[in-house]
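Student: A single structure is presented below for examination.
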Amino acid sequence: MKSPLRSLTLALAALILFAAAQPANESTMSASFHQQLFVLKALKPGIKKVGLFVDASFAADAAQMEAVTRAAAGSQVSIHIAPVASVADVASKFRTLDGDGIDAIWVPISQGNMAQGSARTFLVENAARKRLPLFGPDRSWVDAGAVGAFDGALMLNQRTLTALSLTVPASLAASAQMLAVN
């Protein structure tokens, strides 16, 4: 008879091997923070300040914030963080970041308060009003009017790109799904 610890160890080892054996393609992994910022900068090359909207629990996660910080440093942008503790915080955080002179808005992950439709609607509408490109975490954001998102593949909103006078570089156009939505 196997001991519970040995069974747990074998199960964990099997899970690790299974995960390692999965192919690394767009359908099994989301884009890294660096990739998301790379696309945002490719669409609007002059950006320097990016407003980062994340759920407060994400902002409290040191490992996640370290990954965001590394991605920002690699992309040569400064990140202005807006930790959202409730959906009601979104408007005040937006006003603060807008006052800081941000060049774009980034919502890297749909989690907690940032997964709420009202947060998405507010940010999409106000980003459009201020002519700020908004890069969201998934297709629902692109469908609502965000300029782009990774959701298995890079998706770009053609109407928003046109409204913001943004050009898709050839290096991105080949792999992007261009959506005419909203």
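Student: Return a whole-number percent for the relative contact order of region 67-182, with Cα pairs under 8 Å and 6 or more residues apart as the contact set. Working shown, then result.
Tutor: Numbers: 149 pairs, mean separation 19.6, N = 116.
Taking the mean separation of contacting Cα pairs over the length of region 67-182, I get 17 percent.
Student: Here's another thing I want to ask about it. Using the per-residue mean of other Cβ atoms lying within 10 Å as a proxy for protection, in what order, highest first, do the peptides 71-79, 31-39 fall? Working shown, then result.
Tutor: Numbers: 71-79: 16.3, 31-39: 19.3.
Ranked from most to least packed, the peptides come out as 31-39, 71-79.
Student: Moving on to the next point. Count charges around Ser78 for me, please; just the other residues with Cβ under 9 Å from its Cβ, Lys/Arg as +1, Asp/Glu as -1.
Tutor: Charge balance in the 9 Å sphere: +2.
Student: Oh, and also: With each label point set 7 Å from Cα along the Cα-Cβ vector, what nm distance links Ala91 and Ala174?
Tutor: 4.6
Student: Something else about it: Name the residue from His80, Gly145, Ile109 whose Cα lies farthest towards the positive end of the charge dipole of region 78-181, charges +1 on Cβ of Lys and Arg and -1 on Cβ of Asp and Glu.
Tutor: Farthest towards the positive pole: Gly145.
Student: Applying 1/(1 + (r/R0)^6) with R0 = 25 Å to the Cβ-Cβ distance of Thr162 and Ser140, what FRET efficiency is obtained, to the nearest 0.05? Please report the intermediate quantities before stating the final value.
Tutor: Numbers: r = 21 Å, r/R0 = 0.82.
Between Thr162 and Ser140 the formula returns 0.75.
Student: Taking the Cα-to-Cβ direction at Ala63 and at Asp98 and moving 7 Å from each Cα, how far apart do the two end points lie in nm?
Tutor: Result for the modelled spin labels: 3.7 nm.
Student: Now for a separate question. What percentages make up the Cα-Cα pair-distance distribution of region 38-182 when the bins are 5 Å wide from 0?
Tutor: 2, 10, 22, 24, 23, 14, 5, 1
Student: Here's a follow-up. Rounded, prolate or oblate: pick one for region 37-99, where a ≥ b ≥ c are the square roots of the eigenvalues of its C-alpha gyration tensor, a/c under 1.5 means rounded, and failing that, prolate if a/b is larger than b/c, else oblate.
Tutor: It comes out oblate by the Cα gyration axes.
Student: Separate question: Determine the per residue accessible area of region 64-162 with all protein chains present and a 1.4 angstrom probe, expressed in square angstrom.
Tutor: For region 64-162, the per-residue accessible area is 41 Å².
Student: Sequence-distant or interchain residues sharing an amide H contact under 5 Å with Gln177, placed H: which?
Tutor: Leu154, Met155, Leu156
The values are calculated or read from the model by the stated rules, or taken from the named source; none is laboratory data. A quick note: this is a predicted structure, and the numbers were derived from the prediction, not measured. Note: ideal-geometry Cβ built from the backbone for every residue, glycine included; neighbour counts use all protein chains shown. Side chains are part of the model used for accessible areas, which takes the heavy atoms of the whole protein and leaves out ligands, DNA and RNA. Shrake-Rupley method; radii C 1.70, N 1.55, O 1.52, S 1.80 Å.
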